[in-house]
Amino acid sequence: SLPIFSTTRVEPAFYDATNLPLAILMALLIGLSLYTQWEEHDLRFTAQRSWKALLAALLVTAVFYAMGMNETTTAALVFTAFFALFVNAEIGIRMAKGDPWFLGGKIAHIGLAIFFLGVVANGKYSATEHVSLPRGTPVQAVGHTLVYEGFNVTKDQKYVFNVRVEKGSDAVVLSPVMFDAGDQGIMRNPDIAEAVTRDFYLSPVSLVPPKEATTLEETSLEKGGSVTIDGVTMTFVGFGRGEHGASGMMAGGGTVSVAAVLELVKGSERETLQPTLASSPEGPVHPAVASTLLGGTVQVLSMNVSMGDGPSVVQIGVERTLGVSSQPDVLVAEASVKPFVSLLWGGTVLMMIGFGLSIVKRWKE
């Protein structure tokens, strides 16, 4: 309950170190206490009545240990949980022949034991993997095939992603949600494919938008010369003085960038651009300038300023989008397989049923 009553943040290992020994002791006492009567039975009598349940729990734990559950504290919790389960099941079967209202405590104890087993299965043997899902491309993750099919935006601006999850002949479409919650940041709601033995969780992390395909057309222009690109006539008028800025400021002083003055004409429409070229310690800098008539950007790739031996020449690059995507949008998600989550829910339900029976019994008394 530390995060509920305090702002202190701790790692999950903190809970394993502090709560796991308490859970082991609790499960052990739940089993032993049912074979003990106040001031009537000693430890030897309790051991004689509980040895069958202890042996059965030990055998089951040994099987799990042989299957790879070799962590001592985890094995101890499994052993005590099965011990509590067997003891309460044995006594509950005997009591069911008499007054069923006495079964409340036994059912609650069985539910708690099953809950502990679910904690072990879910907490220790879950598998999680971060995946990038390009739209329409099958991707393998934690034993499943994921295909991101796109997203929808609801009226309240929530992004609902559609991902087809396949495993063998089974297939299901999951729809995790991501939205901006203002001061609370980005909220991510996973979607779950439930099964008896394991649940598959899919939670969105981020969405990478599609990248548009572009084309870069290069052309050389002499001073006073023109070229026509898609009905737009571009004329190299001459040189101008570029802006003083980061691209033109050197460590030892200010270097002025040089601009190429370009006149663009399309019918009755005209446009003047002055893309610049400057030098820097890392190499030439040629920022792009947007052009409305060309529907793209224009930049000076290189220039040759004539000193009287010939015309000045500039190398111009025109970059435009093609209106298609070179790369589809990509959903970055977290895929998890959590085994036997049903034990957690089943154990919780049994605990509540047991509590209810106990309350009704006491109320009658």
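Below are the figures for this structure:
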{"read-out": "Anchor residue 167: aspartates and glutamates whose Cα lies under 19 Å away (excluding residues fewer than 8 positions away in-chain)", "value": "129, 149, 191, 194, 199, 334"}
{"read-out": "Hits among aspartates and glutamates - C-alpha to C-alpha of residue 361 under 16 Å, sequence gap 8 or more where chains match", "value": "99"}
{"read-out": "Distance from region 119-158 to region 72-113 (C-alpha centre basis), Å", "value": "38"}
{"read-out": "Listed residues 336, 290, 273: farthest to the positive end of the dipole of region 259-365 (Cβ charges)", "value": "336"}
{"read-out": "Among 214, 348, 80, residue whose mean-square fluctuation peaks in a GNM of the chain (springs only between Cα atoms under 10 Å)", "value": "214"}
{"read-out": "Per-residue SASA entry for residue 110, accessible area with 1.4 Å probe, Å² rounded to 10", "value": "40"}
{"read-out": "270, 164, 94, reordered so the largest accessible area comes first (probe 1.4 Å)", "value": "270, 94, 164"}
{"read-out": "At 1.567 mPa s and 4 °C, Stokes D of the chain from Kirkwood alpha-carbon radius, µm² per second", "value": "47"}
{"read-out": "Anchor residue 223: lysines whose Cα lies under 23 Å away (excluding residues fewer than 8 positions away in-chain)", "value": "266"}
{"read-out": "Estimated 222 nm signal from helices in the chain, with DSSP H stretches of n ≥ 4 weighted -39500 (n - 2.57), rounded to 500", "value": "-11500 deg cm²/dmol"}
{"read-out": "Integer Hz, Karplus 6.51/-1.76/1.60 couplings in order for region 350-365, x for Gly and Pro", "value": "5, 4, 5, 5, x, 4, x, 4, 5, 5, 5, 4, 5, 4, 5, 5"}
{"read-out": "Order of exposure, largest accessible area first, which applies to 236, 86, 116 with probe 1.4 Å", "value": "86, 116, 236"}
{"read-out": "Projected area, mean over directions - region 1-155, Cα convex hull, nm²", "value": "16.3"}
{"read-out": "Pairs beyond 29 Å (Cα-Cα), from 124/155; 97/364; 155/338; 106/364", "value": "124/155; 155/338"}
{"read-out": "For residue 101, solvent-accessible area (1.4 Å; no DNA, RNA or ligand), Å²", "value": "90"}
{"read-out": "For residue 223, solvent-accessible area (1.4 Å; no DNA, RNA or ligand), Å²", "value": "120"}
{"read-out": "Exposure rank, largest accessible area first [65, 15; 1.4 Å]", "value": "65, 15"}
{"read-out": "Directionally averaged projected area (convex hull, Cα atoms, region 168-246), nm²", "value": "13.9"}
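The values are calculated or read from the model by the stated rules, or taken from the named source; none is laboratory data. Everything quoted here is computed from the prediction, not taken from an experiment. Neighbour counts are summed over all protein chains in view; Cβ atoms, including those assigned to glycine, are modelled from backbone coordinates with ideal geometry. With ligands, DNA and RNA removed, areas are computed over all heavy atoms of the protein, side chains included. Shrake-Rupley method; radii C 1.70, N 1.55, O 1.52, S 1.80 Å.
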